[in-house]
Every structure is written in C-alpha cells, then in structure tokens.
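**Q** My questions all concern the structure below.
The values are calculated or read from the model by the stated rules, or taken from the named source; none is laboratory data. Just so you know, these numbers come straight off a predicted model, no measurement behind them. No Cβ is skipped: glycine too gets one built from the backbone with ideal geometry, and neighbour counts run over all protein chains shown. All accessible areas refer to the heavy atoms of the entire protein, side chains included, with ligands and DNA or RNA removed. Shrake-Rupley method; radii C 1.70, N 1.55, O 1.52, S 1.80 Å.
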Amino acid sequence: MPIRSLFYFWKEALKSIFHHGWMSIASIAVVAITLLILGSFMVINYNVAILTEDIKEQVQIVLYIDEGAGAEEVNELQALLISHPQMEEVRYVSKEEAMERLKDQLGERAFLLDGYEEEDKNPLRDSYELRTNIPEEVAVIAEEIENYPAVGYLDYGSGVVEPLFQFTGIVRWVGLAFMSGLALTAVFLIAHTIRLTVFIRRKEIMIMKYVGATDWFIRWPFIFEGLLLGLFGALIPVAIIYYAYEIAFLWMETNVYFVNLIPTEEIMAEIMQVLIPLGVVLGVLGSSISVRRFLKV
Amino acid sequence: MIEIYHLYKQYSKDVLALKDLNMVIDRGEFVFLVGASGAGKSTLLKLLLREISPTRGNIKIFGKDVTRLKKREVPLYRRNVGMVFQDCRLLEDRNVFENIAFALRVIGASPREIRKRVPFTLELVGLKNKVFKKPNELSGGEQQRVALARAIVNRPSLVIADEPTGNLDPETSMNIINLLQEINIRGTTVLVATHAKNIVDYYQKRVVVLEKGRLISDQERGVYFNAD
C-alpha cells in the first residue's frame, strides 16, 4: 500500500480513538489489566523457575553412612547407588571434606570449630551426596534407598521441595484460566469499540463504497484502531511491571539477600517479548471480528 | 455503454421487481428513467451499481458483464460510475472541499491530484466561493451541486442520478438538470431516475418508462409517460 494511504489509515485510527474517548479507555484498560496479570504471573513464574532450578541443581539427597558399618558394606552401598537407574550423580564426601566446607561456610567465625578438626574429634560423618535425574521424585527414591546397607540416615529436604513444585503448578494453571477469561473480555470490548466506530461512520463507509474505495481501504483504519488499542494496553503493564519489579528487586537485594531475583533488564526483555505482541494480537483480533461482522463491504 | 438483456430480479416468491428488461444506452446519451415508486427504478439502479445481483439476465457496461464482476473488481468498476442521490449524502462534519476531496482520497489519489481536481470541479458546478462552507450552511440546491461535484471529480464515464431534484423547488431543479446536461455535453453518459413530470417534459430527452418491473415505453425526445 502507498505511504500516503498508510498515513491516512493511522490518522483515521487515531482520530477515532480520541473521538470515542471512554470506549477507547475501557478497551485499553481491559487489555492492560489482562496483560498486567499475565506479566505478574510471568515475573513470579520465571523467578520461581530459577529458584527451583537452583534447588534442583543442589544436592537433593544426603546419605549419611552408618558409623558402625564396615568397609565391605560401604562398598556394597556405593555399588548399589551407582547402578541405580535414576541416579545422576553420586559423590562421596568424607567427614574431613565436610569439615572443610563447614569452615568455609562459617567464614570468619570458623574459630568455633577449633578443636574439632583432628580426625578422632571430628563429629561429622562420611556421606554420599546424591542427585537424581527426576528431582520431583526425590521422596520416592529416598524411600527406596533407605533400605540399602550401611545407611545411617537420609536428608532430602522433604517438606520443602514437594510443596514448591506443587505451588508453581497451581500458580500456572490458575493463572492460565484467569487470563484466558480476561483475554476474551479484552477481545470482546475491543470488538465492541470498533463496532461503535463502524456504526458512527456508516455514512462515510457507504460513500466510500459508492465512490469505489476497495474493501481493504475501508477496513484498514479499523484494524489499525484495534492494533493501537492493544498496543497502548500492552505498554501500560510493561511500565507498571518495570517500576514495581525494580522496587521489589532492590528490596529483596537488601533484605532477603540469599534469594537471587532475575535482574530487571533481563526479565523485562522476556516480558515485553510476550506482552507487546499479545496486546497487538488481542487488538487486531477484536477489530477483525467487528469489521467482518459489521462492515459488510 | 449500457446493454441490458433479459434482466430479471426477484426479491422473494411474490416480489418480482424486474421482468425481462431489455435496453441499450449509447455512449454520450442523456436518459431519463421514469416510473412510479415500486416500478423497479431503484432496483435497476442498484443492479447497475452492482449493489445487488440479478436473478437472471446480463448487464454489460463499458463492454464488461457487471453481473459477473468478482467482489474485488466491484470497487474499481464503481470508480468509473458517478452516483448522485436524492438526499445528497454529504459528510456533515466536513466542508465542501473535504467532501469532494474525500472521494479522491479514498481511491488513493495523490495530494497533487486532489489540489488540482477539486477546485476545477467546484468551478464547474459553480461553488468556487463556497469551498470552506459546511453542508448545513448551504442551500438544498448547493448541497446537491456538491454531491454532483463529488460524483464527477473522478471523471467517470457514466453518471447515475437517483431523484436528484426530489427535494428541490422547480427552479433549483432546473439548475441541477442543466448542470447534468453540461456534464453530458462534455462526453459523460447520464442516467437520471426521476418522477418530475415538468422536468422530463421540458428537456425533451430520451425517456425510458418502467411500470411494475417492465419497460413499457422507450422514446427519443420523449415526454413523461402517462399510463392512463
């Protein structure tokens, strides 16, 4: 299409948006709310995903070896663990190594361990750190290996891992259902706004048809109107999420420093990639419905 | 220019709007289409504009069968047919210039062309000094002249006017028909649907009469046909 037609379509679309101020604002608001909720869910989801990924990366089961077990039993245990089909990593940690780690963790307070370092005074135990290839199944596997020989006791963060996976699952589904409903409302409202525009301009459209304007020439301004409503509706939540996340990020950084949130720029790039195209799609979809149904050109 | 063969239009089982209509209008003719309301005038005009399709029969305009035009070909066809209505159908929120420019703009004319064609056409219809007036600031005759200017600004080969004098007093009506005559003299074929007896009788042009969907009279230099 020629540049001047393009210019004409945009001008008509903008004129119409300002002309029907309240309807336009309502449409933009619904798109904005829908996408704000979607964006918020995305922010939470991404962070939870990274967090759970962190947990998954960490050792999932620590198997402390029974102090009374003989070398033979320990060898048997190791063989069993290594041959277990769901085991991804089996790492032996001697109690000396465990002591070293503890010292590292305590940092400048490592003096607390003075006197426990000699071999016979070390209160820590030899252990195996295990990683399974299905993190969600940790509890089941733990139960299974509990019966292996030379097992003292197991520690697998039960009570933390499962609820976390459950929670992210629920968040995902509730969010999806909620957002589908809102997206539908947004499409409906945009369709309604465009329908109103079509109705108000029916005389103009009729004249256009009589003087030989093509169907697409008549349609484009309405499509652009929907597109702009959707785009404005997407920019608002992007801005809100940006500022809110920045505040949350800084707060977390100073107050809950052991949780690492995804940096603002990184997460905004992800979110904009979804929200802006989605807003545009919602807008164009809404106007297409109206144009098709109410603009029999 | 316009060739109509065995044209039928049936709206429903009981409503037969046109029955076996046959007619040829040559390039450059000026024709009055006459008939009482319900005679089939409006149906014929709608068929000519390809707003509706006939039940049977053919309409050839500019050598092309209008009834067989594809949907996307219709707009291009209409660019060659200027249409004038009884109620003018002007855009109230735009001035005279914009109303006429609108017809050019929506078919993708360049601003240069618009700046050239619109004043030229306004001069032709005698509205050069009303360029910036809104339709509601104009008289009925002036409004119809704007509508006429809009119909011809794109230089169509055919102008169709549906009761263009229906809302006007006799003197103003004459002005409009004179203007159509002038357009006709410049080479445009003109078809005027009307039931204004005095006008038809005065101009002594070709008169085609419809009654109950049939063509009952077609006379060169005719007068308003009275069935009684």
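**Q** Can you give me the ranges of the strands (runs of 3 or more DSSP E) entirely in the stretch A:51-156 with at least 1 residues that are crowded, with 16+ Cβ neighbours inside 10 Å, in contact with a Gly (Cβ under 9 Å, 6 or more places away or on another chain) and at pLDDT 80 or above?
**A** A:61-65, A:127-132
**Q** Further, regarding this structure: For the stretch A:172-194, give me the residue count where each residue is under 17 Å from A:A234 (Cβ atoms) and hydrophobic (A, V, I, L, M, F, W, C).
**A** 8
**Q** Also, I was wondering about something else. What pairs come out if I take residues in the stretch A:198-227 that are over 20 Å from B:I100 (Cβ atoms) and pair them with residues that are among the aliphatic types (A, V, I, L, M) and part of a loop (DSSP other than H, G, I, E, B) whose C-beta lies under 6 Å away, six or more apart or interchain?
**A** Pairs found: A:V198/A:L295; A:D215/A:V297.
**Q** Looking only at the stretch B:102-122, how many residues end up being over 19 Å from the mean Cα position of the chain (by Cα), crowded, with 17+ Cβ neighbours inside 10 Å and more than 8 Å from chain A (Cβ to nearest Cβ)?
**A** The number of residues fulfilling the criteria is 4.
**Q** State the number of residues belonging to the stretch A:199-219 that are assigned to a loop (DSSP other than H, G, I, E, B) and at the interface with chain B (Cβ under 7 Å from one of its Cβ atoms).
**A** The number of residues fulfilling the criteria is 3.
**Q** When only residues in the stretch B:63-83 that are charged (D, E, K, R) and not in a strand (DSSP E or B) count, which is farthest from the other protein chains (Cβ to nearest Cβ)?
**A** Only one residue fits best here, namely B:R68.
**Q** Now, a different point. Please tell me if A:E204 is out of contact with any Cys (no Cβ under 7 Å at 6 or more places or on another chain) and either loosely packed, with under 13 Cβ neighbours inside 10 Å or of a type in the set (A, V, I, L, M) (or both).
**A** Against the criterion (out of contact with any Cys (no Cβ under 7 Å at 6 or more places or on another chain) and either loosely packed, with under 13 Cβ neighbours inside 10 Å or of a type in the set (A, V, I, L, M) (or both)), A:E204 does not qualify.
**Q** Could you tell me which of the residues B:R150, B:R155 is at positive phi and either in contact with a Ser or Thr (Cβ under 7 Å, 6 or more places away or on another chain) or among the basic types (K, R) (or both)?
**A** The match here is B:R155.
**Q** Looking at the stretch A:1-26, I want the residues that are within 9 Å of A:W220 (Cβ to Cβ) and have a partner that is open to solvent by 50 Å² or more (accessible area, probe 1.4 Å) and not in a helix (DSSP H, G or I) with Cβ atoms under 9 Å, at least 6 apart or on another chain. Which pairs are those?
**A** Going by the 9 Å Cβ cut-off, the qualifying pairs are A:F9/A:M1.
**Q** With the requirement that a residue be within 12 Å of another protein chain (Cβ to nearest Cβ), under 17 Å from B:V200 (Cα atoms) and buried (at least 22 other Cβ atoms within 10 Å of the Cβ), what does the stretch B:145-174 give you?
**A** Residue satisfying the conditions is B:I160 alone.
**Q** On to the next question. Could you tell me whether A:S180 is at pLDDT below 90, in the same structural domain as A:S27 (by TED's automatic domain parsing) and open to solvent by less than 10 Å² (accessible area, probe 1.4 Å)?
**A** no
**Q** With respect to the numbered conditions (1) away from chain A (no Cβ under 12 Å); (2) touching a residue at least 24 places away in the same chain (Cβ under 8 Å); (3) open to solvent by 10 Å² or more (accessible area, probe 1.4 Å), which one is the sole condition not fulfilled by B:I25?
**A** Unmet condition: (3).
**Q** Going by what's in this entry, would A:F294 be described as farther than 23 Å from A:A186 by Cβ, open to solvent by 20 Å² or more (accessible area, probe 1.4 Å) and modelled with pLDDT under 90?
**A** Criteria not met by A:F294.
**Q** Take the stretch A:220-233 and flag every residue that is open to solvent by 50 Å² or more (accessible area, probe 1.4 Å) and either within 14 Å of chain B (Cβ to nearest Cβ) or in contact with a His (Cβ under 8 Å, 6 or more places away or on another chain) (or both).
**A** Once the filter is applied, which keeps residues that are open to solvent by 50 Å² or more (accessible area, probe 1.4 Å) and either within 14 Å of chain B (Cβ to nearest Cβ) or in contact with a His (Cβ under 8 Å, 6 or more places away or on another chain) (or both), the stretch A:220-233 yields only A:W220.
**Q** Filter the stretch B:123-135 down to residues that are basic (K, R) and touching a residue at least 12 places away in the same chain (Cβ under 8 Å) and give me whichever is surrounded by the most Cβ atoms within 10 Å (Cβ to Cβ).
**A** Per the stated criteria, the residue is B:K130.
**Q** So A:M99 clears everything in (1) more than 21 Å from A:E73 (Cα to Cα); (2) without any contact (Cβ under 8 Å) to a residue 12 or more places away in the chain; (3) within 39 Å of the chain's Cα centre (by Cα) except one condition, right? Which one?
**A** (2)
**Q** Please list, ordered by residue number, the helices (runs of 4 or more DSSP H) wholly in the stretch B:129-228 having 1 or more residues that are more than 24 Å from B:F102 (Cβ to Cβ) and in contact with a strand residue (DSSP E or B) (Cβ under 9 Å, 6 or more places away or on another chain).
**A** B:170-185, B:197-203
**Q** Could you tell me whether A:A248 is in contact with a helix residue (DSSP H, G or I) (Cβ under 9 Å, 6 or more places away or on another chain), free of Cβ contacts under 8 Å to residues at least 40 places away in the same chain, of a type outside the set (K, R) and not in a helix (DSSP H, G or I)?
**A** no
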